[in-house]
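Colleague: To start, I am sharing the structure in question, which I have written as structure tokens.
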Amino acid sequence: MEDKNIDIVVKKLNDAKQPQSEFVNLMNNFNDPYLVLIACILSLRTNDKTTYPATLRMLKLGKTPEDFAKCDIKKLEEAIYPVGFYANKAKQIIQLSKEIVELGKVPETIEELIKFNGVGRKTANLVVAKGFNKPAICVDVHVHRIFNRMGYVKTKTPEETEFALRAKLPKKYWIDINTLIVTHGQNVCKPQKPKCNECPIKEYCDKLI
């Protein structure tokens, strides 16, 4: 894929209006960085169909750091089960909630966010982008796979992809690129047996050129 075509690719993906998962919709409707943070933690290594109802159950227990700092760990475990590593995630959410209460707010930078135990660059970028509406590029498996498949970047890890995209993807796309690419990945550009014949950007993809 030629770099100059990125504007066309983004427009075509937006125009395609592919259906979003319930979890992606939920995340897009959060305007609280704390909720983005704890929901993203639940989603790690867990599919959206499992994460979505687990997130709704978790939110019945509370919606603020103060709520979860004093939450009973067994109740939280029961609420978020069966997300992957649910016991570890319950412990992590309670601990980081206590730390956020002490800090007084959710940090606004990637460098500060990754200081929390278990918070990596993917989660930190999503919090900055969706929670604070600041330019940041959240690179998950979909973003890493699809941008490499298209030929826009040539990288080996999601972190390499993040920095490659920071260097070349126009900043106006940073906040929303994760939602756009994840939706495309879930509907069309799947890991196995991608639906290339249905792809709205196939003429720009190195896989088919």
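Colleague: Per the helix-only calculation at 222 nm, which mean residue ellipticity applies to the chain, given -39500 (n - 2.57) for every DSSP H run of n ≥ 4 and division by its residues, nearest 500 deg cm²/dmol? Write out the running numbers ahead of the final one.
Modeller: Working: 12 runs with 118 residues, N = 209.
It lands at -16500 deg cm²/dmol.
Colleague: Something else now. State to the nearest 20 debye the size of the charge dipole of the chain about its Cα centre, where the only charges are +1 on K and R beta carbons and -1 on D and E beta carbons. Each step should come with its number before you reach the end.
Modeller: Values: 34 positive and 25 negative charges, 91 e Å.
Taking the Cα centre of the chain as origin, the dipole is about 440 debye.
Colleague: Please list, by residue number, every one of the trypsin sites (Lys or Arg not before Pro) in segment 22-110 that is coil in DSSP and has at most 12 other beta-carbon atoms within 10 Å.
Modeller: Counting only loop positions with at most 12 other Cβ atoms within 10 Å, the trypsin sites (Lys or Arg not before Pro) in segment 22-110 are R45, K60, K70, K105.
Colleague: Which parts of segment 131-149 would a label at N187 reach, counting a residue when its backbone N lies under 18 Å from a point 7 Å out along Cα-to-Cβ?
Modeller: Flagged as within label range: 142-143, 146-147.
Colleague: Still on this structure, I have one more. For each pair in K134/K202; K130/K154; K156/K202, compute the distance between the two Cα atoms and list the pairs where it is over 28 Å.
Modeller: Listed pairs above 28 Å: K134/K202.
Colleague: Just to be sure I understand: with springs between alpha-carbon atoms less than 10 Å apart, which residue in N14, N178, N148 has the highest mean-square fluctuation in the Gaussian network model of the chain?
Modeller: Result for the chain, Cα springs under 10 Å: N14 fluctuates most.
Colleague: State the percentage of accessible surface on segment 84-209 attributable to carbon and sulfur atoms; use a 1.4 Å probe and exclude ligands, DNA and RNA.
Modeller: Carbon and sulfur together cover 52 percent of it.
Colleague: Excluding ligands, DNA and RNA, what is the solvent-accessible area per residue of segment 18-177 at a probe of 1.4 Å, expressed in Å²?
Modeller: Computed with neighbouring chains in place, this is 50 Å² per residue.
Colleague: Treating the angle as unsigned and between 0 and 90°, give the value, to the nearest 10°, between the Cα long axis of helix 141-150 and the longest Cα principal axis of the chain.
Modeller: 10
Colleague: Continuing with this model, one more query. I'd like the orientation of helix 174-187 relative to the chain: the angle between its Cα long axis and the longest Cα principal axis, in ° from 0 to 90, rounded to 10.
Modeller: Taking the Cα atoms of the chain, the angle to 174-187 is about 80 degrees.
Colleague: Taking the Cα atoms only, what angle lies between the long axis of helix 33-43 and the longest principal axis of the chain, rounded to 10 degrees?
Modeller: Tilt of helix 33-43: around 80 degrees.
Colleague: Does anything in segment 136-172 have its amide N under 18 Å from the 7 Å Cα→Cβ label point of N14, and if so which residues?
Modeller: Within reach of a label on N14: 136-138, 169-172.
Colleague: Additional query: Please report the carbon-and-sulfur percent of the accessible area for segment 1-79; probe 1.4 Å, protein heavy atoms only, DNA, RNA and ligands left out.
Modeller: Details: 2130 of 4330 Å².
Of all accessible area on segment 1-79, carbon and sulfur atoms account for 49 percent.
Colleague: Using a Gaussian network model on the chain with a 10 Å cutoff between Cα atoms, which of G104, G120, G131 fluctuates the most?
Modeller: Ranking G104, G120, G131 by mean-square fluctuation puts G104 first.
Colleague: Between K4 and E22, 0.36 nm times their residue separation minus their Cα-Cα distance comes to what?
Modeller: Full extension from K4 to E22 adds 3.2 nm.
The values are calculated or read from the model by the stated rules, or taken from the named source; none is laboratory data. Every value quoted in this text rests on a predicted model; they were computed, and no experiment measured them. Note that each Cβ is placed from the backbone with ideal geometry, even for glycine, and that neighbours are counted across all protein chains shown. Side chains are part of the model used for accessible areas, which takes the heavy atoms of the whole protein and leaves out ligands, DNA and RNA. Shrake-Rupley method; radii C 1.70, N 1.55, O 1.52, S 1.80 Å.
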